[in-house]
Structure formats: structure tokens, C-alpha cells
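What follows is calculated from the coordinates using simple rules that are stated; it is not laboratory data. Predicted, not measured: the structure shown is a model, and the values here were computed from it. When we count neighbours, we look across all protein chains shown, and the Cβ atoms used for this are built from the backbone with ideal geometry, even at glycine.
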Amino acid sequence: MKIGIVGLGRMGAAISQRLRQQGFDVVGWDHDAGANQKLAADGLRIAADARTVAADAEFVISSVTEDHGIRRIFTGPAGFLAGNVNGKLFIEMSTLQPMTGRELAPLVEAAGGRLIEAPVLGTIPQAREGKLLAMVGGRHEDLERARPVLEKLTGRIAHMGPSGSGYAMKLAANLGLAAYVQALAESLALGLRQGLTLGQMLDVIQDGPYASGWLKSKLDVFKGGKAEMTLDIRTLRKDIMSAVATGALSGVPMPLSAGTLASLSAAVAADYGDADLAELPKFLRATMLQDFS
């Protein structure tokens, strides 16, 4: 079974590694030549462009950063739909706006292919271990066809409904994560100003009512150490921008999300964009606290 992957960033690279370890014949491509060279050195077969990936594979996975990029990958002059995609199944795994899925699916079908969206929850280690959670939007029969591939990447597959619903679920989930980290950043800053230590607070919070596995995995980062990058601040900012835009189009007021977006945007402007999300509390304390001296 031949699988193509377009988008060889952290998640795309982990997915390609996992599928190759599971015995699939994988070909990939990224617009970043450095990413191509890195994965080629690791043994991944690299194609010339997205169109060539689709031509060479039965299943085509895409995992890119944002909506405009995925539109170019599908509809650009060297994109998927520039070639013959009759009978191909596209598994789109980016975090996008629901309207993008509803726009792309009929274009793919008009060209003879099929498309499901399958954004995921989980970190890079979970991708390598095949323990992601996929939230699928699209036809049930297309999901069943994709299941042999998705089951190698996930511990759970949730079919959310028609095109757009998988992206909607991913944005909803990331809204919760972003608000959680913003609240945690403010909690830690308040406690420090009141004479508590990070160690004291984190010791209590990790056993408190809003403790989480994510929190416990990032304790070293909160204390000033480092951990493997999972989600950077710039990418989450993009996701929350998409969520707020989707909310506006849907008539949903999102004051909490708008405030969180302002904090994430300030972090990006202060050169924290490439930092792990768990460094947002550090950013808030370093740059946003009022100085009474």
C-alpha cells in the first residue's frame, strides 16, 4: 500500500516515521527544502512536488500549518488536483477552519477523488507510538477505507460527522487548551506576586481539580527547564484565530478566546512564537506584569 505525505514538519515527520515502521511504502514532500533533505537522509523517498506525491500514492496525507497553504497544496499549479486523482483518497490532518473542509471536499470529488479530514489530538511522541486521537469529518465509507491507515496512527478514531465537523472539533479542543494555559499563566503569576514559589504552586495544582496529563508532562518547563516541543505558541495562535473567526461567522460570542488570542499574539510579537506552549506563563511573567517600583 503506497501512502503519500505532504507536510514534513514535526507532526508530518513523526507520521511518516510511524507509517514506514508499520511497513507502508511512503513518499513525501514539503515546500521546505531543508525538511525534505532531513527526511531523505532518514530514508524517506522524496517527490518533486505535491502533484507527484498524489500521482504516486493510493492514500495521500497532508499536514500543514494553515488554510491558505492547504488550498495551494490542493489547487495550485503543482498541487494535488493538477494531476489525475481518480480513485485517490485524501486524508487531510491539518488544523483548519471548518469552511475549508467544506470547500475542498467537493473539489476533490469533482476530480474523481475522495477527501476526509482527520485532525488529531496528541503530541509528537504519541504520533510515533500510534496513539493519536483522530477527529474525522467526511463520509462514513471513506473513513472505513482510510481506517487501515488511521488505525496505525491512532489509539482512537472519532467520526464527528460530515466535512467540516472534524476541524470544528479540533478547534473546540484547542480553545480549551489555550484558555487552560492562559489561566495557569495568570494563576502562577498571581501566586508569585503573593510570595508563593513555583514549586509550591505546581505541587498543589498537579493534584488539584484542573490537573491534567498535559500539565504533568510540562512541569519541568514551568519550572524553567526544557522538554520536547509539542505545540508552539505561533501555531496555537493560528488555531485560536481560526476559532475566533469561525465563531464570528457562526454568531458565537467568544470574549475569553479573544483575550487568550491577545495574549498569544503578544507572545509571538515578543519572539516567543517558536517556544513551546508551556512557556506562555514564563512570557506573561517576564513581559506583562505591572511594575510598582
Query raised in the report: Just going by the charge dipole of the chain, with Lys and Arg at +1 and Asp and Glu at -1 on Cβ, which of 134, 34, 179 is farthest out on the positive end?
Result: 134
**Report entry** Backbone HN-Hα couplings from phi across the stretch 52-62 [Karplus 6.51/-1.76/1.60, Hz, Gly and Pro as x]
**Finding:** 5, 4, 5, 5, 9, 10, 7, 10, 10, 9, 10
**Report entry** Mean projection area, nm², convex hull over Cα of the chain
**Finding:** 16.2 nm²
Query raised in the report: If you line up the long axis of helix 165-193 against the longest principal axis of the chain, both from Cα atoms, how many degrees apart are they, to the nearest 10?
Result: 20 degrees
Query raised in the report: Which order do 288, 169, 99, 93 fall in if you start with the one that has the fewest other Cβ atoms within 10 Å?
Result: 288, 99, 169, 93
Query raised in the report: Using Cα atoms only, what is the angle between the long axis of helix 233-250 and the major principal axis of the chain, expressed in degrees (0 to 90) to the nearest 10?
Result: 80 degrees
Report summary line: Computed ³J(HN,Hα) along the stretch 18-26: with the Karplus parameters 6.51/-1.76/1.60, θ = phi - 60°, integer Hz and x for glycine or proline, the list is 4, 5, 5, 5, 8, x, 7, 8, 10
Query raised in the report: Between residue 60 and residues 5 or more places away or on another chain, which pairs have amide H atoms under 5 Å apart, with H built 1.01 Å from N, and which residues are they?
Result: 4, 89, 90, 91
Report summary line: Treating every alpha carbon of the stretch 2-162 as one equal point scatterer without solvent, the Debye formula yields log10 I(q)/I(0) values at q = 0.11, 0.13, 0.19 Å⁻¹ of -0.36, -0.52, -1.21
Requested in this report: Indicate, rounded to the nearest 5 percent, the antiparallel portion of the DSSP beta bridges found entirely in the chain.
Outcome: 15 percent
Query raised in the report: In whole percent, what relative contact order does the stretch 2-162 give with Cα contacts below 8 Å and a gap of six or more residues?
Result: 20 percent
Query raised in the report: If the chain between residue 192 and residue 226 were fully stretched, how many nm would it gain, using 0.36 nm times the residue separation less the Cα-Cα distance?
Result: 10.2 nm
Report task. Considering the options 222, 253, 289, tell which one lies farthest towards the positive end of the dipole of the chain, charges being +1 on Lys and Arg and -1 on Asp and Glu at the Cβ, about the Cα centre. Result -> 222
Report summary line: XL table 2/218; 38/282; 131/226; 152/216; 2/226; 38/218; Cα-Cα > 29 Å flagged, in table order, is 2/218; 38/282; 2/226
Query raised in the report: What's the extension gain from residue 217 to residue 248 if we count 0.36 nm per residue and subtract their Cα-Cα distance?
Result: 7.8 nm
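How about the stretch 164-220: which chymotrypsin sites (Phe, Trp or Tyr not before Pro) there lie in a loop by DSSP and see at most 11 other Cβ atoms within 10 Å?
For chymotrypsin sites (Phe, Trp or Tyr not before Pro) across the stretch 164-220 that sit outside H, G, I, E and B with at most 11 neighbouring Cβ atoms in 10 Å, the list reads 210.
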Query raised in the report: At a Förster radius of 35 Å, what calculated FRET efficiency corresponds to the Cβ-Cβ distance of residue 144 and residue 84, to the nearest 0.05?
Result: 0.90
Query raised in the report: Of the residues 28, 273, 199, which exhibits the maximal mean-square fluctuation in a Gaussian network model of the chain defined by a 10 Å Cα contact cut-off?
Result: 199
Requested in this report: For the stretch 142-240, state which trypsin sites (Lys or Arg not before Pro) are in a DSSP loop and have at most 14 other beta carbons lying within 10 Å of their beta carbon.
Outcome: 223, 226
Query raised in the report: Under 5 Å between amide H atoms, partner at least 5 residues away or on a different chain: which partners does residue 159 have, H built in plane at 1.01 Å?
Result: 136
**Report entry** Rounded to whole Hz, the Karplus (6.51, -1.76, 1.60) HN-Hα couplings of the stretch 41-47, x for glycine and proline
**Finding:** 5, 8, x, 6, 6, 10, 8
Requested in this report: Could you state the angle between the C-alpha long axis of helix 140-150 and the longest principal axis of the C-alpha atoms of the chain, as a value from 0 to 90 degrees rounded to the nearest 10?
Outcome: 70 degrees
**Report entry** Test item: Cα-centred dipole of the stretch 168-287, Lys/Arg +1 and Asp/Glu -1 on Cβ, debye
**Finding:** 120 debye
Query raised in the report: Which value, in debye to the nearest 20, describes the size of the charge dipole of the chain about its Cα centre when Lys and Arg Cβ atoms bear +1, Asp and Glu Cβ atoms bear -1, and nothing else is charged?
Result: 260 debye
Query raised in the report: When Lys and Arg each count +1 and Asp and Glu each count -1, what net charge do the other residues less than 14 Å away from residue 14, Cβ to Cβ, add up to?
Result: +3
Report task. Give the order of 274, 207 when sorted by the count of other beta carbons within 10 angstrom, beginning with the fewest. Result -> 207, 274
Query raised in the report: Where the only charges are on Cβ atoms (+1 Lys, Arg; -1 Asp, Glu), what is the dipole of the stretch 237-285 about its Cα centre, to the nearest 20 debye?
Result: 160 debye
